[in-house]
């Protein structure tokens, strides 16, 4: 898959990096970087659709039972899946909580659900056309891995991603 980038896209990535640097001084960024787990929900499970929420199926082999919302939520077999931090070392990114799903829906068949899948990766597959090993990185625009809404995700090349984060990868 090749994404055609409009002229000036590298400048856009640099601008994005500069905006993220400015956010570091804001209160919102302090909350995002907080180590206090109470600042974040362990999962986002509401019974109804959120205001403006739309759902889209993942059209890739092995993912056909998944639906993802533009608000960053995931359904498996039509049921919303709780989310949790991956682990203490990777706090800041959410994965599916298979154990909580089993407790909430004990009669569900969920043997094919993978727990280790990053929520942002599923959202990008459904909404951005992301394919595994396509060379594109998924970037959180606000650097907040708990916000997996479609507005907060963008596909970048490795070079573009390095520009946004302020480090260089290879020669460009």
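The values are calculated or read from the model by the stated rules, or taken from the named source; none is laboratory data. It should be emphasised that the depicted structure is a prediction, and the values quoted were computed from it without experimental measurement. Ideal geometry is used to build each Cβ from the backbone, glycine not excepted, and the neighbour counts take in all protein chains shown.
In table form, for the structure just shown:
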{"read-out": "Residue within the range 68-79 that is surrounded by fewer than 21 Cβ atoms within 10 Å (Cβ to Cβ), touching a helix residue (DSSP H, G or I) at 6+ places or on another chain (Cβ under 7 Å) and at pLDDT 85 or above present", "value": "yes"}
{"read-out": "Number of the exception - residue 100 against (1) modelled with pLDDT under 90; (2) part of a helix (DSSP H, G or I); (3) within 14 Å of the chain's Cα centre (by Cα)", "value": "(3)"}
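This table checks each residue for (1) farther than 21 Å from residue 86 by Cα; (2) at pLDDT 90 or above; (3) in contact with a strand residue (DSSP E or B) (Cβ under 9 Å, 6 or more places away or on another chain); (4) part of a helix (DSSP H, G or I).
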position	(1), (2), (3), (4)
124	no, yes, yes, yes
143	no, no, no, no
146	no, no, yes, no
151	yes, yes, no, yes
164	yes, no, yes, yes
167	yes, no, no, no
172	yes, no, no, no
